[in-house]
1. Hey, how many Å between the Cα centroid of the range 395-428 and the Cα centroid of the range 28-66?
2. Ignoring everything except DSSP H segments at least 4 long, calculate the 222 nm mean residue ellipticity for the chain; use -39,500 (n - 2.57) per segment, divide by total residues, nearest 500.
3. If packing is taken as the mean number of other Cβ atoms within 10 Å per residue, what is the order of 9-17, 266-274, 435-443, highest first?
4. Give me the Å³ per residue figure for the convex hull around the C-alpha atoms of the range 275-328.
5. Could you work out how far apart the two model spin labels at LYS437 and SER43 are, taking each label as a point 7 Å from the Cα in the direction of the beta carbon, and quote it in nm?
6. Let me have the relative contact order for the chain, percent, based on Cα pairs under 8 Å that are six or more residues apart.
7. Please report, in debye to the nearest 20, how large the charge dipole of the chain is about its Cα centre when each Lys and Arg carries +1 at its beta carbon and each Asp and Glu carries -1 there.
8. Over the alpha-carbon set of the chain, work out the extent along each principal axis and list the three values in angstrom, largest first.
Amino acid sequence: MQIRDIAVATPDKPAIILYPSGTVVTFGELEARANRLAHLFRSAGLVEGDAVAILMENNAHIHAVMWAARRAGLYYVPINTHLTAAEAAYIIDNSSARAIVGSGKLKDTLAGLAGELPNGLPPLLVIADGAESSAAGASGELDGWLSYPECVADQPDTPIADEIEGDLLQYSSGTTGRPKGIKRELPHLPPAEVPGLMAMLVSFWMRPDAVYLSPAPLYHTAPSVWSMQTQAGGITTVVMEKFDAEGALDAIAKYRVTHAQFVPVMFTRMLKLPEEVRASYDVSSLERVMHAAAPCPVEIKKHMIDWWGPIIDEYYASSEAHGSTLITAEEWLTHPGSVGRPMTGELHILDEDGNELPPGQAGEIYFEGGVDFEYLNDPDKTASSRDARGWKTVGDIGYVDDEGYLYLTDRRHHMIISGGVNIYPQEAENLLVTHPKVMDAAVFGVPDDEMGQRVQAVVQTVDAADATPEFAHELIDWLRDRLAHYKCPRSLSFETQLPRTDTGKLYKQELIQKYS
């Protein structure tokens with residue numbers, strides 16, 4: 001199914017509802033907007049395999065841009081809206097984007113791109129809803145940029161003649177260096193002929209009259225892919241313009257949301273709300289909830305299931321789409337901490353020499369089969385993600401139990417080696433966030449003359465008044481009562497906010513540099 005089918009059958013049905021503004025985009029409007037933009041891309045000379053960079057916050061236009069690119073056979077490249085002009089320019093240049101579609105809210109960043117792109121700006125530049133900004137002149141416009149939607153007013157709202165499927169070209173979050181583009185070969189088929197696992201999963205998990213909540217930024221892989229697939233299934237998507245814990249509960253209650261997808265840090269923030277606040281919102285409309293993107297502490301998930309019921313499913317996957325697992329809430333209750341069994345690809349756990357490990361032993365997670373991909377313009381990194389058999393990895397560490405359920409241990413590059421012992425900091429992090437006074441936590445290794453590395457923790461407290469040396473000592477002792485002492489931090493510091501992406505990944509390198 002495509003949004004076109006829904007637009008014909010029920011053109012006035014909401015495809016997108018923005019929260020909290022309440023802006024509605026119907027399926028008829030979304031279809032027409034996507035077609036007009038696809039015609040604009042073709043008139044500008046963009047052909048199958050070209051790339052369109054998207055620099056937009058969660059707004060009423062971003063889905064139309066992605067749908068237009070997909071049906072014009074283009075790679076669409078959503079860019080983190082928090083990046084500077086120089087950082088965004090690196091992605092635009094690296095992806096060889098031939099068009100940029102940006103937002104008026106990000107006009108300062110857009111204005112700065114010209115001075116950062118070594119080969120100059122792409123030929124097609126579009127800015128949506130050109131609100132005034134310090135980077136613009138008195139007119140509020142940017143030289144050389146077309147104003148959207150005015151620039152497509154004369155374009156047909158019917159499909160382009162040569163529709164062909166495009167794809168997402170996602171850049172990694174860059175937590176260990178510069179972002180890397182994750183590129184897959186295009187299918188070279190019309191959209192209607194392209195099968196998709198996501199489409200099957202959405203149709204299995206939801207029904208056409210469901211209401212889906214998308215709380216995370218759409219420049220990330222899962223929110224963009226899941227929201228587009230729900231729309232393709234005729235399902236209304238409630239898009240949070242910016243996540244906040246109480247707002248998510250309000251959106252669920254207001255729009256009678258039936259399905260949603262979260263990341264674990266969102267669960268933590270909702271659970272840290274005062275009990276009377278949580279109890280004031282009716283979340284009984286929820287039927288199934290999915291979470292992914294980062295490991296969820298067992299106690300956090302147990303508390304969420306106690307609150308919402310056994311409706312919280314989980315999948316493990318990556319932007320590379322090299323393989324995936326799935327576990328239902330019911331399965332998880334009998335295998336707490338697991339991320340499930342393979343949904344795509346055959347799972348292998350390998351040691352440092354590439355030997356397969358038995359159940360219960362942690363090693364690097366590889367998938368056999370799955371979607372093929374390359375790291376754009378980085379053949380060495382692409383090669384390092386494969387073993388001699390062609391099995392693929394993204395560097396995650398984990399183990400399987402006797403029934404084949406996968407448990408994540410940590411990322412390879414997060415491992416601490418202290419006195420020759422391997423320590424995976426995720427264990428301590430997962431425990432720390434269950435403390436009632438802790439909002440967020442990061443554990444990592446810093447240089448140590450005697451041990452090579454020592455374990456350091458940084459904590460964000462729920463109440464800033466608790467960030468005291470006394471509480472630091474109390475937390476370390478609390479951890480040592482629950483975890484082997486060698487895994488516990490030798491020192492603990494406080495930050496008002498941890499450097500975390502919107503999907504919950506920690507930029508640990510910033511903390512390592514600060515505390516080393």
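1. Cα centroid of the range 395-428 versus Cα centroid of the range 28-66: 41 Å apart.
2. On the way: 16 runs with 145 residues, N = 516.
It comes out at -8000 deg cm²/dmol, rounded to the nearest 500.
3. Details: 9-17: 17.3, 266-274: 18.9, 435-443: 20.6.
Peptide ranking by packing, descending: 435-443, 266-274, 9-17.
4. 100
5. Using points 7 Å along Cα→Cβ, the separation is 6.3 nm.
6. Once divided by the residue count of the chain, the mean separation gives 10 percent.
7. 380
8. 69, 50, 50
The values are calculated or read from the model by the stated rules, or taken from the named source; none is laboratory data. Bear in mind that the values here come from a model prediction, so they are computed numbers and not experimental data. Neighbour counts are summed over all protein chains in view; Cβ atoms, including those assigned to glycine, are modelled from backbone coordinates with ideal geometry. For the accessible areas, the whole protein counts, side chains as well, though only heavy atoms, and no ligand, DNA or RNA atoms are used. Shrake-Rupley method; radii C 1.70, N 1.55, O 1.52, S 1.80 Å.
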